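Everything below concerns the one structure shown next.
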Amino acid sequence: MRLTTVTVPNGSDTVNQSSRVSVLLRRVDAYIELTKPRMVLMILVTTAAGFYLGTQGAMNWILFGHTIIGAGLTAAGVLGLNQYLERDIDALMARTQHRPLPVGKIHGMEALVFCVLLTAGGMLYLTTFVNPLSGFIISLIVVSYLFIYTPLKRSTSLCTLVGAFPGALPPVVGWVAAQGKISGSACVLFAILFLWQLPHSLAIAYIYREDYANAGLMLLPVVHPDGISTRRQIVINCVALFGIGLLPTLFNISGSIYFLVALLVGGMFLISGIYFDKKPTVKTARYVLYASLLYLPLIFITMAIDKISL
């Protein structure tokens with residue numbers, strides 16, 4: 001009688017395969033974390049709003065899709081490159097020391113290559129499949145954010161003002177993607193986002209001022225620890241935003257519903273800034289931060305909805 005040998009799977013092989021899958025999933029998760037998906041989402045929301053508001057006639061969904069892909073790739077790459085450039089700083093701050101690069105989840109050179117490919121690919125995609133002007137504007141974001149704003153954080157408190165420039169350009173990218181040109185209306189969207197970023201960023205800087213000081217970043221609450229200049233700038237920019245935020249109605253971007261909502265949320269944002277100025281604490285600074293996070297989506301969502309009634 002011939003005996004048949006039955007091979008039983010080695011338990012260690014199964015464990016090793018499971019371990020390899022687990023390692024792969026952790027690396028994928030680390031790369032996703034490197035691109036800051038929540039910030040990318042916020043950038044894409046403002047880009048999409050700019051595209052929709054700039055659309056004349058029927059929505060071109062194919063062009064819209066190309067715009068979102070190009071802007072998303074570029075945003076993910078730029079945010080990752082920022083972490084690469086600041087990996088030494090991130091390692092010194094409690095709020096950032098667990099990011100992929102400081103803890104060694106991703107090797108620096110791997111992150112650099114990955115993010116350069118994303119950034120270059122996104123810019124090339126916009127230029128090719130949308131229009132050259134949108135590719136040019138998004139290249140301004142890349143250059144000003146990585147090579148001007150990022151190094152300035154180590155030397156001057158003006159970095160916040162400079163950093164507001166690339167941060168305000170995503171809706172302009174969307175607008176020129178839809179229209180192929182820049183107009184006064186696109187500049188209004190830029191101004192709203194520019195002014196919004198200043199109290200938003202300064203509130204964060206005040207809350208984490210000790211962290212930033214330990215890392216040697218020259219943000220306003222670090223340069224002037226008494227907080228007076230920070231509070232003044234927050235109030236001034238909230239006042240400016242309160243007025244500029246009403247302009248979309250005057251520029252026929254949106255209608256009267258938007259005007260009322262802008263009055264309400266703009267006033268709320270301003271009140272939070274004044275309250276922080278009167279009672280400067282981390283708690284009241286968080287009120288400014290929360291108000292800013294509420295302001296932006298409400299403004300752009302209402303603007304988009306109210307366009308329908310025009």
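Taken together, the values in this text are just the output of simple stated rules run on the coordinates, not laboratory data. Note that the structure is a prediction, hence the values are computed from the model and not measured. Don't worry about glycine lacking a Cβ; one is built from the backbone with ideal geometry, like all the others, and counts go over all protein chains shown.
Any idea what angle helix 184-207 forms with the longest principal axis of the chain, computed on alpha-carbon atoms, 0 to 90 degrees, nearest 10?
Between the helix axis and the principal axis of the chain, the angle is about 70 degrees.
Output wanted: per-residue J couplings in Hz (rounded whole) for segment 124-130, from phi through Karplus 6.51 cos²θ - 1.76 cosθ + 1.60, θ = phi - 60°, x for Gly and Pro.
5, 4, 4, 4, 7, 9, 10
How far is helix 256-278 tilted, in degrees, relative to the longest principal axis of the Cα atoms in the chain, given as a value from 0 to 90 rounded to the nearest 10?
Taking the Cα atoms of the chain, the angle to 256-278 is about 80 degrees.
Under Stokes-Einstein, with the Kirkwood radius over Cα pairs standing in for Rh, what whole-number D in µm²/s applies to segment 27-181 at 20 °C and 1.002 mPa s?
135
At a Förster distance of 25 Å, what's the computed FRET efficiency of LEU294 paired with CYS187, Cβ-Cβ distance as r, to 0.05?
Rounded to the nearest 0.05, the efficiency is 0.55.
In nm, give the distance between the simple-model label positions of ASP88 and ILE274, each being 7 Å from the Cα along the Cα-to-Cβ direction.
Spacing of the two 7 Å Cα→Cβ label points: 4.5 nm.
Treating only the Cβ of Lys, Arg, Asp and Glu as charged (+1, +1, -1, -1), what charge dipole size does segment 27-181 show about its Cα centre? Round to the nearest 20 debye.
160
To the nearest 20 debye, what charge dipole does the chain have about its Cα centre, counting +1 at the Cβ of each Lys and Arg and -1 at the Cβ of each Asp and Glu?
Dipole size: approximately 300 debye.
Give me a comma-separated list of calculated 3J(HN,Hα) values for segment 282-296, in order, Karplus coefficients 6.51, -1.76, 1.60 applied at θ = phi - 60°, integers in Hz, x for any Gly or Pro.
Listing the rounded values in order: 4, 5, 6, 5, 5, 4, 5, 4, 5, 5, 5, 5, 7, 4, 4 Hz.
For segment 22-60 and segment 251-306, what is the separation of their Cα centres, given in Å?
If we compute the Cα centre of each part, the gap is 23 Å.
If we count trypsin sites (Lys or Arg not before Pro) as exposed when they sit in a DSSP loop and have at most 14 other beta carbons within 10 Å, what is the longest stretch of the chain that avoids them all?
Of all site-free stretches, the longest is 182-310.
Fully extended, how many nm does the chain gain between LEU124 and ILE257 (0.36 nm per residue separation, minus their Cα-Cα distance)?
44.0 nm
Normalised radius of gyration for the chain, please: alpha carbon Rg relative to 2.2 N^0.38 Å, two decimal places.
1.18
Where does helix 37-54 land angle-wise versus the long Cα axis of the chain, in degrees 0 to 90, nearest 10?
Long axis of 37-54 versus the principal axis of the chain: about 50 degrees.
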